[in-house]
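Below is one structure, written out as C-alpha cells; the observations come after it.
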Amino acid sequence: MPLPSEPTSTGPQQMPSINVERDEQVEQIEQIESTSPRDKRKAQNRASQRAFRERHIQKLRDFETQAERLGSEVESLRLHVDSLHIQNAVLQRINAQATVKLIKARDIIATLKLVSYSERSARAI
C-alpha cells in the first residue's frame, strides 16, 4: 500500500501528508529508543522546538501577507475618501449657489406681493 505522500500509479498524485513534520519527529524519537531516557527527552525537546520555530515562522509569513493586503485596502480607502471630499466640496458649492438663487427668488416674490397689494389698494380708492 503506498504512503499518503507517495504518488499512486493509477490516479493523480496525492498531496504530501500534512503531518510530515510530525512523522519526522516520531521517526527521530523511534531511532533513539534504545538510548537513555535523558537522550530521548533531549531529542523530543529539539523536535518540539523545531516544530515551534516552523509554526512561528509560518505565523509571521501569514501576518506579513495580511499586512500587505490591509495596506493595499487602506490605500484604496484613502483614495475613495479623497474622492468623497472632492464630491462634497462640489455639492457644497452647488448648495451655496442654490441658496443664493432661492433668497433672490424670495425677495422677488415679496416685491411682487407688495406691488400687487399696492395696486389693489390703489384700485379700491
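No value in this document is a laboratory result; all are computed from the given coordinates. None of these values were measured; they are calculated from a predicted model. Here Cβ is always computed from backbone atoms with ideal geometry, including for glycine, and neighbour counts include all displayed protein chains.
Between Ile109 and Gln58, what length in nm is gained on full extension when 0.36 nm per residue of separation is reduced by their alpha carbon distance? Intermediate values should be presented prior to the final figure.
Numbers: separation 51, 0.36 × 51 = 18.36 nm, distance 7.46 nm.
10.9 nm is the gain from fully extending Ile109 to Gln58.
For Ser48 and Ser83, what is the calculated FRET efficiency with R₀ set at 41 Å and r taken between the beta-carbons, to the nearest 0.05?
Efficiency computed from Cβ-Cβ geometry: 0.20.
For the pair Asp39 and Ser118, how long in nm is the line joining their label points, each one 7 Å along Cα→Cβ?
About 11.9 nm separates the two model spin labels.
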